[in-house]
Amino acid sequence: MSSEVDSAVANLLHPNAYHPCLLLVHPQIRRLEIAAQELANRDGWHHISAGRELAAALFSEPAAERAYRAREWVETAIGAAAPGPLLLTEIDLLFEPSLHLDVLALMRQASRTTRLVVAWPGTFENGTLAYAVPEHHHYRTWPRPEVRIVTLD
């Protein structure tokens, strides 16, 4: 784990943390998985695979209810881990357009009660956070995202 990640984690865990949400950003899923596994093994944090658990929660829901249930799932699953820290990985399903979620806003909101580290597949360049790559059909950007971000090597 890099000293930048260690420093960001220490800041996250500080009782008066300004940004209780930390995004670990890298465009390669495998790199994010490695970093998440290192944190989980080293620090013993609770870990949620958002894609796997959200898919199970939405499986029997009618299509018209899925957006509401997805938002509810995020709030409940992350809130249950309060005060955290919680490691959230495999967030891709949250970006499904039919769910109509602003994933970054949800993460910031959830981090008010639960200190949160999110493995974020994308980039952070020139003050703009991106999910995925421009060619990806779920690509999104946020200028000045107002969360702590560490771009992994």
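Since every read-out is calculated from the coordinates, none of them should be taken as a lab result. Predicted model only: the values in this text are computed from it and were never measured. We place every Cβ from the backbone using ideal geometry, glycine too, and count neighbours over all the protein chains shown.
Roughly how tilted is helix 29-43, in degrees to the nearest 10 and between 0 and 90, from the longest Cα axis of the chain? With both axes taken from Cα atoms, the answer is about 60 degrees.
What is the fewest-to-most order of Thr128, Thr123, Thr151 by other Cβ atoms lying within 10 Å of their Cβ?
Details: Thr128 12, Thr123 18, Thr151 15.
The fewest-first ordering by Cβ neighbours comes to Thr128, Thr151, Thr123.
Listing Val133, Val25, Val117, Val147 from fewest to most neighbouring C-beta atoms within 10 Å gives Val133, Val147, Val25, Val117. Per residue, the average separation of C-alpha pairs within less than 8 Å and at least 6 apart gives the chain a relative contact order of 34 percent. How far, in degrees from 0 to 90, does helix 66-79 lean away from the longest principal axis of the Cα atoms of the chain, to the nearest 10? That helix lies at roughly 30 degrees to the long axis.
What is the mean projected area of the alpha carbon convex hull for segment 59-121, to one decimal in square nanometres?
Values: hull surface 16.5 nm².
Computing the convex hull of the Cα atoms and averaging its projections yields 4.1 nm².
In loop segments of segment 60-153 as defined by DSSP, the chymotrypsin sites (Phe, Trp or Tyr not before Pro) with at most 13 further C-beta atoms inside 10 Å of their C-beta are Tyr139.
As a proxy for reagent exposure, ranking Ser2, Ser60, Ser111 by other Cβ atoms within 10 Å from fewest up yields Ser60, Ser2, Ser111.
Spin-label model, Ala63 to Asp43: label points 7 Å out along the Cα-to-beta-carbon direction sit 4.0 nm apart.
Normalising the Debye intensity of segment 1-115 to I(0), with uniform scatterers on Cα atoms only, and taking log10 at q = 0.21 Å⁻¹ returns -1.25. Taking the C-alpha atoms only, the angle from helix 3-13 to the longest principal axis of the chain is near 70 degrees.
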